[in-house]
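Notes for the one structure printed next.
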Amino acid sequence: MLLLFLSASVCWAQDPLKERAWFEDDTGQRSLDDARHQPFTPFTGLLSRGFGDAPIWVRLLIAPRAVRESEHGSPEESLILRITPSQLDEIELFDPLDAKPFPRRTGDRFAWSDDEAPSLYFSFVVPRGDTERYVWLRVKTSSSRLIGVEALTVEGSRRYDMLIEMLSGAYLGVLVLFLGWALNIYFNAPERLLGLFVLKQLGAVVYALFVLGYMRLLLEGVVPPLWVDSLSSLCLIIYSLAALCYHLVFFKLLKPPPWTIRLFTALILMPPAALYLQLSGQTLKAMMLTVGVLFVASLLGMLMALLSRYPSTPEAQSTLLVSKRSMVVAHLLLLASVLVSALPVLGLLDAPMVAVFFPLSHALLSGLVMMWILQVRALRLARRQASAQAQFQAMHETMKVERSFREEQQHLLAMLAHELKTPLAAISMLTGKANPSPVTMNSVKLAVNEMTLIVDRCVQAGRMDDAQQVLCKTRFDPLEVLQQLIKARPVSEQVVCHGRGGVLLHSDEQMVRMLLSNLLENACRYGPAGEEVHVWLTPCAEDGRAGVRICFENQPGPAGWPDPKRVFSKYYRSPHAHRQTGSGLGLYLVAGFASRLGGLIRYVPIPHSIRFELWLPL
């Protein structure tokens with residue numbers, strides 16, 4: 001609308017028409033000589049005389065030819081008289097300079113190709129003339145006597161036609177887009193409201209082709225020109241019926257007072273009555289009834305939006321999911337579009353020239369409102385579905401965690417039951433002797449130590465699963481910690497330690513002690529009985545970070561070589577290791593706590609030895 005207004009303003013800035021005036025011929029029989037002596041009333045913009053049988057005479061004062069002063073300019077010899085809108089039935093031109101022997105007529109009852117300057121609207125070509133002169137137009141129509149007249153140069157008319165055709169095509173494209181979008185949704189999820197919207201939008205597209213003047217061109221040679229006018233009126237009636245049915249179903253969702261529904265239902269009976277009038281030849285009455293019904297329906301629709309109670313249950317609300325305030329604003333816009341369209345058509349309000357396009361605004365706005373409502377509903381339904389999916393996923397994850405926890409507990413209990421059975425049996429057997437010897441008591445002590453080690457590692461596994469555990473970092477010498485662990489072993493001579501002191505770690509000493517203890521216990525337990533275990537402690541950098549590397553090396557024992565892919569897995573023990581007690585948690589704990597300290601553990605076997613390398617940052 002803004003583009004049309006601006007383009008029209010450019011054309012009107014140098015308007016060759018110095019005066020526009022009108023006179024209504026009540027008799028319908030006046031000739032030009034008779035009409036030119038009648039009192040004419042000046043007007044500007046769009047002449048709005050509503051519906052009526054009487055012809056309208058329009059008197060135009062054309063300014064004389066303007067001589068161009070530029071070197072390349074030439075006087076404007078001709079003007080294009082452009083008459084809008086495109087629903088006018090008969091327009092006849094009377095020009096004193098006209099030397100043609102036949103009447104000059106145009107309108108939607110005449111072929112498009114017979115126009116003097118064919119375009120989407122009606123046109124006459126008139127000479128500019130050297131002096132001021134009056135020309136007259138006689139307009140008779142069964143539609144609203146809404147008349148706009150412009151005088152354009154040939155170049156200005158060409159530019160204006162290009163702009164109108166571009167914007168008209170864009171408008172039709174948007175309507176078709178709404179139609180295709182609604183059809184796509186309807187075919188995927190058939191719904192009565194969407195089906196009625198599709199019918200209404202289809203009627204809007206066809207009616208827009210009539211209003212914009214395309215049908216005169218498309219139907220030329222297909223049907224007689226007189227039929228174009230009748231088909232235009234028929235299309236408006238059918239379109240109004242589809243629109244009323246759509247809005248009735250839509251308003252029922254808002255739960256307005258029942259009496260408003262009954263009134264709106266009564267309005268739906270009017271388009272069939274208008275159709276009867278149209279078919280019986282009373283086109284003028286049919287058009288008056290149709291436009292009047294649309295005007296009343298828009299007022300009633302606004303009232304229903306204000307008085308609506310909206311559904312109370314969530315299931316019913318899912319059909320709308322738009323707030324009442326938003327709905328009232330949307331229908332206020334629709335009412336405004338109908339008012340600015342219907343008031344000039346009914347002759348109740350004068351309007352600017354651009355108002356000729358206002359009847360097209362309702363179809364566009366109603367399509368936008370419906371698209372907005374359905375998009376909001378689709379968005380919120382998608383959010384609900386996503387929320388439900390997220391809740392389901394969360395429940396699934398919770399169940400998965402609980403199942404994993406139960407399996408973990410079952411595995412832990414099975415491991416404890418299996419691994420504690422042997423030392424408990426040994427304790428029971430050894431303590432059953434009358435006078436236990438020192439050797440027996442030492443065996444009992446070893447069995448208790450085995451059980452203590454298993455329980456400790458289970459406790460350490462629980463600590464590792466605690467993500468919120470706080471590290472207590474201090475500076476200490478790892479070689480001293482390692483030597484203390486070696487001395488605490490029953491057979492300390494079995495472990496050979498290589499390294500030098502003075503390298504200080506800034507880390508959690510208790511956690512490092514646990515790592516070294518587990519690796520030392522693992523090497524001593526699964527190596528051959530009586531064979532030495534070698535430990536190396538050397539400074540070493542990793543990825544540019546200074547640190548210390550501690551290597552534990554032992555020869556393979558009865559348990560054999562561990563699986564490199566599973567050696568750090570929880571509860572993993574090689575098949576032959578089950579002959580000895582153990583929890584399968586030692587190396588798992590080393591890998592986890594080493595990572596938490598910023599270090600790493602590797603299994604790097606060499607040809608005749610099992611070797612684990614622990615690296616910790618300084």
How much net charge surrounds Leu183 when only other residues with a Cβ under 15 Å from its Cβ are counted (Lys, Arg +1; Asp, Glu -1)?
+1
Reachable aspartates and glutamates from Lys473, Cα under 15 Å, same-chain residues fewer than 8 places away excluded?
Asp508, Glu509
Overall Cα dimensions of the stretch 161-264 - principal axes, largest extent first, Å
48, 29, 24
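So, by mean Cβ neighbours within 10 angstrom, what's the order for 49-55, 340-346 with the highest one leading? Write down the numbers at each step before the final one.
Numbers: 49-55: 16.9, 340-346: 21.1.
By packing density, highest mean first, the sequence is 340-346, 49-55.
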Taking K and R as +1 and D and E as -1, what net charge do the other residues with C-beta under 13 Å from the C-beta of Phe476 add up to?
-1
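Which percent of the Cα-Cα distances in the stretch 35-158 go past 19 Å?
For the stretch 35-158, the share of Cα pairs beyond 19 Å comes to 50 percent.
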Taking amide hydrogens as modeled 1.01 Å from N in the peptide plane, which residues meet the under 5 Å criterion relative to Ala541, leaving out close sequence neighbours?
Gly547
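In whole percent, how big is the carbon plus sulfur part of the accessible area of the stretch 501-558, probe 1.4 Å, protein atoms only? Show your work: numbers first, answer last.
On the way: 1090 of 2320 Å².
Of all accessible area on the stretch 501-558, carbon and sulfur atoms account for 47 percent.
At 1.4 Å probe radius, can you tell me the per residue accessible area of the stretch 485-618 in Å²?
On the way: 6090 Å² over 134 residues.
I get 45 Å² per residue for this part.
Can you pull the semi-axes for the stretch 504-618, root of five times each eigenvalue of the Cα gyration tensor, sorted largest first, whole Å? The partial results should precede the final answer.
Working: eigenvalues 116, 45, 31 Å².
Over the Cα atoms of the stretch 504-618, the semi-axes work out to 24, 15, 12 Å.
Quick check on packing: order 391-400, 299-308 by the mean number of other C-beta atoms within 10 Å, highest mean leading.
299-308, 391-400
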Check which residues have an amide H placed less than 5 Å from Leu79's amide H, if you skip close sequence neighbours.
Val126, Arg128
Would you please name the trypsin sites (Lys or Arg not before Pro) within the stretch 509-618 that are DSSP coil residues with at most 10 other C-beta atoms within 10 Å of their C-beta?
Lys565
Table column - 3J(HN,Hα) (Hz), the stretch 598-611, Karplus curve with 6.51, -1.76, 1.60, x for Gly and Pro:
x, x, 7, 10, 10, 9, 10, x, 10, x, 10, 9, 8, 9
Just want to confirm a number: the relative contact order over the stretch 163-319, from Cα pairs under 8 angstrom separated by 6+ residues, in percent.
21
Hydrodynamic radius by Kirkwood, which averages 1/r over all alpha carbon pairs of the stretch 242-307, in angstrom
12.3
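About the Cα centre of the stretch 494-618, what is the dipole size in debye to 20, counting +1 per Lys and Arg Cβ and -1 per Asp and Glu Cβ, all else neutral?
Numbers: 13 positive and 10 negative charges, 63 e Å.
With only Lys, Arg, Asp and Glu charged at Cβ, the dipole is about 300 debye.
The values are calculated or read from the model by the stated rules, or taken from the named source; none is laboratory data. A quick note: this is a predicted structure, and the numbers were derived from the prediction, not measured. Every residue, glycine as well, gets a Cβ built from its backbone with ideal geometry; the counts of neighbours run over all protein chains shown. Accessible surface areas use protein heavy atoms only, side chains included; no ligands, DNA or RNA. Shrake-Rupley method; radii C 1.70, N 1.55, O 1.52, S 1.80 Å.
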